[in-house]
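Following: one structure in structure tokens, then a few remarks.
Quick note: the coordinates plus some simple rules give every number you see, no bench work behind them. Note that the structure is predicted; figures quoted are calculated from it, not measured. Because the Cβ atoms are built from the backbone with ideal geometry, glycine has one as well, and the counts that use them run over all protein chains shown.
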Number of protein chains: 4
Amino acid sequence: MIMNEHDQNRARMLISCPDKPGIVATVSQFLFEHGANIVQSDQYTMDPEGGMFFIRIEFDLDNLEQRQEALLQDFQTITERFEMDCTIHIASVKKRLAIMVSKEDHCLRELLWQWQAGDLTADIAMVISNHNDMREFTESFGIPYYHIPVTPDTKQEAERRQIELMRGQVDAVILARYMQIISPELLECFPNRIINIHHSFLPAFVGGKPYAQAYNRGVKIIGATAHFVTEELDGGPIIEQDVQRVDHRDNIDDLKRIGRHIERTVLARAVNWYVEDRILVHHNKTVVFN
Amino acid sequence: MIMNEHDQNRARMLISCPDKPGIVATVSQFLFEHGANIVQSDQYTMDPEGGMFFIRIEFDLDNLEQRQEALLQDFQTITERFEMDCTIHIASVKKRLAIMVSKEDHCLRELLWQWQAGDLTADIAMVISNHNDMREFTESFGIPYYHIPVTPDTKQEAERRQIELMRGQVDAVILARYMQIISPELLECFPNRIINIHHSFLPAFVGGKPYAQAYNRGVKIIGATAHFVTEELDGGPIIEQDVQRVDHRDNIDDLKRIGRHIERTVLARAVNWYVEDRILVHHNKTVVFN
Amino acid sequence: MIMNEHDQNRARMLISCPDKPGIVATVSQFLFEHGANIVQSDQYTMDPEGGMFFIRIEFDLDNLEQRQEALLQDFQTITERFEMDCTIHIASVKKRLAIMVSKEDHCLRELLWQWQAGDLTADIAMVISNHNDMREFTESFGIPYYHIPVTPDTKQEAERRQIELMRGQVDAVILARYMQIISPELLECFPNRIINIHHSFLPAFVGGKPYAQAYNRGVKIIGATAHFVTEELDGGPIIEQDVQRVDHRDNIDDLKRIGRHIERTVLARAVNWYVEDRILVHHNKTVVFN
Amino acid sequence: MIMNEHDQNRARMLISCPDKPGIVATVSQFLFEHGANIVQSDQYTMDPEGGMFFIRIEFDLDNLEQRQEALLQDFQTITERFEMDCTIHIASVKKRLAIMVSKEDHCLRELLWQWQAGDLTADIAMVISNHNDMREFTESFGIPYYHIPVTPDTKQEAERRQIELMRGQVDAVILARYMQIISPELLECFPNRIINIHHSFLPAFVGGKPYAQAYNRGVKIIGATAHFVTEELDGGPIIEQDVQRVDHRDNIDDLKRIGRHIERTVLARAVNWYVEDRILVHHNKTVVFN
């Protein structure tokens, strides 16, 4: 990972396209001619013959902000020639995040803590919860807290209110143990930009009470999974997973305690990769350049 | 782990019973009065109030072999009083194993190798395969190799022949990537004594082609699972699991290659625990005192 | 791990002594006769012939608090017979801890957080720091904060004040990235009861700037070590270690960031084992029954 | 990792040079103009301002073998302009390896096994040992085995004979637990091309009997390190390390047994990276593009 005091001139370019000869040459030539210096580059070709091509380039360019628009315009002909899906992000423009949480607080705490320590370089625009428990903690960081209760009766209104708060205001939504189903409307506002932490090693133990499921199955290792939310429950593209060894002595409460540690670690890693523009999604899988 | 030059006097006692006060006192008092010295003891109580109690005791006793029978007889009143399920094994009496294998050879190689290196202290009584590929390798260790082809037509005869070879001749059967369904009759001969290696982190990816399943789901970690075989496919008590990190660059062949390493490690560990009498089964779960 | 709603009747017994036949029988018989029910027991014999014997027993006993003294008195003859070093702890009597910290806050945060979440069942009696930075954070938990600056001139007075605050007031001292040398006088007050986190995988990179040392050596894995403090710098008995993979891309700042996560995890684990009476020290090594 | 049926047209290019703008553009433009298709590329910049730049490019080029020389000649002007250290390897031209071994056989077994399974795509040109123990095993693979005893008297002659056998005949030398000091003359023949496995997590436990050292220090994790051999004992550039958890129950023999597994895994990984041209050395550190 490369840090830089001149981050205002650091950009990250993400490209997906069908693989063809000449992509790297064309893109790097373009950047060179525009005075940009490539400082990091990662690429992946699914299949050299006819597969998809993915690349993430970090480059430095003087007066980046003023020149970003012209750069993109000039690049237009290249994206068209190679049928590229391309985005350019300025590293110094922080992603804006909304965090949604229910009663379990460990993931929220980890995120706000890493944010405060400077390890998570994003703007936390708001925390939304169906409970009021974490208000004091959240507000102590100077972050707005919205309590939107969700009951069968208020569900529709709650979802409307959530969208109202977040649409256009944030780049992504982090479900930090938010235990309600996300509405299709909210999903549509943030395609592949809602990150959930599921408290199992997916695809094992989809759905509710995964630690009880794990205990009953007698697994020797438990895990957690950060994934983008799609319409299929716990079925979206996996961003990151991690695991820890357990044994017969660990009851369900022990699994939950051990799992909390995995969950917050895994979610924080996924969110960091998102805000650093390290994740590309293709079909139902992710390419993570970390 | 305690090694001992006087292993012929080393015994291992495995007990399962409903938890009650006084079990440890009674058992250890009994052993002390009979001149045994406890060198290792592990116990586990599922729930102090009304749960199951499990204990594994290693003890040294002079002239163990001659006194084993009398010891067991004397212990009878204790097993009855506490409704114990109890076995005593002499450490120097090696378990006899049959290994079944198909075409993938890495698990068989690992087991024979560890056996030759003295790390797996068992007798490998025979290798049975539905292919002839591993004959030369197996026989180079001086181990009998039985080629029993399995086709829809010969299935029944093959299963009969398998049982004939193994029943009464071996203590346990190790499925070292044996890709045929085990017959109910064979299962009945070796209850909780058939160990299989499944090439996924169960319960994820039950059934066939788990690496293809894992690739398609886009998991970031793959694993392998050693378990006792029961009638439910890939559903028996889990003995051991391990995992390794993969990423988007790894195609199905890479997953298989990485997986082979996990599979042989996990299976060898499970077999070692079995031959050292470290595994107790309760319902569909294992207690492993390792 | 066994939790119990009747924790006020739960005790933990730690014994070290030269190995001899009959120890387990005698101790378990004693507990049984006094009406105690053993719910967990772990033991370790260094060498069956003439080595040391260690055991940790968790037992339940009605009216434990009232009977503790009589129990210990009755047990006296046994401890003498076997030359035992024996302690009995009531699980419901929480250990009292002092935490010392300098400017790096992640270990302190993790400990207070786990304490608040109920995962660390101890009393945090005070936080002592040579800086004033963490006062507000600490006091927000209702924990007293003592700012004791340490300069070459004030060193002696500072150490006197530290001992004054802690001696007799706390059971153990946790150095949560406290960057000053501990005085011999303080060490003497808390033999094998001062736990330090060293930010390397000891014995690699003893002393200052271990992450810079690790970067310069080009290691592929970094770690952290929790150990009891002795007079030898970074040389005391190791309680716990953990590691994480790094690569050439990680500069010293990256190592520090990754390391912070390992450090707080490892220290928290060690402190938890201490407060649960899981650690025995023998010469310069630990036996951890976890 | 990308496999390809057309491997005879697959090349790998390794470049180290001072970082300057335009390197990637120039190199990729050059390859594109010569009809090459980049299928994989990894790069690393130590410090965007004035640091070193490293890149590994895999590309496909029709009729690679015939065109290799011309390609290199054309590339000359670029290597000169950027002061590059550049090598191009044809993937289908296997590296030739000599393996040196003493009495411990597990590393040699793992390498030959992986070689036989097709996981290690190199030519094993010979095995050299100061003992005769592994002759039969080695020759069963059809690999020449040279027994060169090393005693104080024969040392010089032995070293002369080693060089005679290997110089110009192999690309690299693998010390698979070869327990003799490598002569400066041999080192000179194979600069950064002698890979050793050290049975500890370096820089901890340099020198002899590392498992005994680890046991005495009471570490909770042990490891192994693959590194290039230099004149400083156990001090050369580290290629790969791995570790495994141990506990107080593990005596020195247990550590050795557990360590054997780590050693063979780590060495095999390092050798695989070497033969796939994934390792660049800069000063005393490695850049591994894996």
Residue-count net charge about residue B:38 - beta-carbon cut-off 10 Å; Lys, Arg +1, Asp, Glu -1: -3
query: Along the Cα-to-Cβ line of residue A:217, 7 Å from the Cα, sits a label point; which residues in the range A:250-290 have backbone N less than 20 Å from it?
result: A:250-264, A:266-267
task: Towards the positive end of the charge dipole of the range A:96-288, with charges on Cβ (+1 Lys, Arg; -1 Asp, Glu), say which of A:143, A:206, A:99 has the farthest Cα.
output: A:206
field: Over 23 Å (Cα to Cα) - which of B:220/C:209; A:20/B:220; C:285/D:209; A:285/B:256 fall in this group
entry: B:220/C:209; A:20/B:220
query: Between chain B and chain A, with a rotation axis joining them, whose C-beta in B is nearest that axis, and what is the whole-Å distance?
result: B:204, 2
- line: Semi-axes of the range D:7-90 from the Cα gyration tensor (sqrt of 5 times each eigenvalue, largest first, whole Å) come to 22, 13, 10
query: By how many nm would the segment from residue D:164 to residue D:116 grow when fully extended, if each residue of separation counts as 0.36 nm and the alpha-carbon distance is taken off?
result: 14.6 nm
message: For the range A:65-137 and the range B:210-255, what is the centre-to-centre distance using only Cα atoms, to the nearest Å?
response: 33 Å
Under 10 Å, Cβ to Cβ, from residue D:163 - net charge with Lys/Arg +1 and Asp/Glu -1: -1
task: Please work out the FRET efficiency for the pair residue D:155 and residue A:290, using the Cβ-Cβ distance as r and a Förster radius of 35 Å; give the result to the nearest 0.05.
output: 0.10
statement: With -39,500 (n - 2.57) per DSSP H segment of 4 or more residues and division by the full residue count of chain B, the 222 nm estimate, nearest 500 deg cm²/dmol, is -10000 deg cm²/dmol
task: Would you work out the relative contact order for chain B, in percent, from Cα pairs under 8 angstrom that are 6 or more residues apart?
output: 15 percent
field: Choice from A:24, A:229, A:93 with maximal GNM fluctuation in chain A (Cα, 10 Å cutoff)
entry: A:24
- line: Computed on Cα atoms, Rg of the range C:142-237 relative to 2.2 N^0.38 Å comes out at 1.20
Modelled FRET efficiency - R0 35 Å, residue B:81 with residue C:20, Cβ distances, 0.05 increments: 0.80
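Averaged over peptide C:233-241, how many Cβ atoms belonging to another chain are found within 10 Å of each residue's Cβ?
Across the residues of C:233-241, the mean count of other-chain Cβ atoms within 10 Å is 2.
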field: Student exercise, the range C:143-229 dipole from Lys, Arg, Asp, Glu Cβ charges, in Debye to nearest 20
entry: 460 debye
field: Relative contact order computed over the range A:7-90 (Cα-Cα under 8 Å; 6+ residues apart), in percent
entry: 47 percent
- request: Given the options D:196, D:251, D:272, state which has the largest fluctuation in a GNM of chain D using a 10 Å cut-off (strictly under) for Cα springs.
  value: D:251
query: From the backbone phi of the range C:50-58, what are the Karplus-calculated ³J(HN,Hα) couplings (6.51 cos²θ - 1.76 cosθ + 1.60, θ = phi - 60°) in whole Hz, Gly and Pro given as x?
result: x, x, 8, 10, 10, 9, 10, 10, 9
statement: D (µm²/s, integer) via Stokes-Einstein for the protein assembly as shown, Kirkwood Rh across alpha-carbon pairs, 37 °C, 0.692 mPa s: value 101 µm²/s
- prompt: Roughly how big is chain C's charge dipole about its Cα centre, with Cβ charges of +1 (Lys, Arg) and -1 (Asp, Glu), in debye to the nearest 20?
  reply: 900 debye
- prompt: Just the C-alpha atoms of the range A:78-205: what Rg/Rh do they give, with Rh taken as the Kirkwood radius?
  reply: 1.01
query: Computed over the Cα atoms, what is the radius of gyration of chain D divided by 2.2 N^0.38 Å, N being its residue count?
result: 1.09
message: I'd like to know which of D:129, D:252, D:183 lies farthest towards the positive end of the charge dipole of chain D, counting +1 on Cβ of Lys and Arg and -1 on Cβ of Asp and Glu.
response: D:252
field: Efficiency of FRET between residue A:34 and residue C:136 - r from beta-carbon atoms, R0 41 angstrom, step 0.05
entry: 0.30
message: With unit charges on the beta carbons (Lys and Arg positive, Asp and Glu negative) and the dipole taken about the Cα centre of the range D:96-288, which residue among D:270, D:112, D:172 sits farthest to the positive side?
response: D:270
- line: For the protein assembly as shown, the dipole about the Cα centre with charges only on Cβ (Lys and Arg +1, Asp and Glu -1), to the nearest 20 debye, works out at 0 debye
query: In whole Å and largest first, what semi-axes does the C-alpha gyration tensor of the range B:225-290 yield when each eigenvalue is scaled by 5 and square-rooted?
result: 26, 14, 9
statement: Distances in nm between the label point of residue B:164 (7 Å along Cα→Cβ) and its equivalents in the other copies, shortest first, are 6.0, 8.1, 9.1
message: Please give me the summed charge of the neighbours of residue A:243: other residues whose Cβ is under 11 Å from its Cβ, Lys and Arg +1, Asp and Glu -1.
response: +2
query: With the contact rule set at Cα under 8 Å and sequence spacing of 6 or more, what percent relative contact order holds for the range A:158-290?
result: 21 percent
- prompt: Who wins for biggest fluctuation among D:133, D:42, D:74 in a Gaussian network model of chain D, springs between alpha carbons below 10 Å?
  reply: D:74
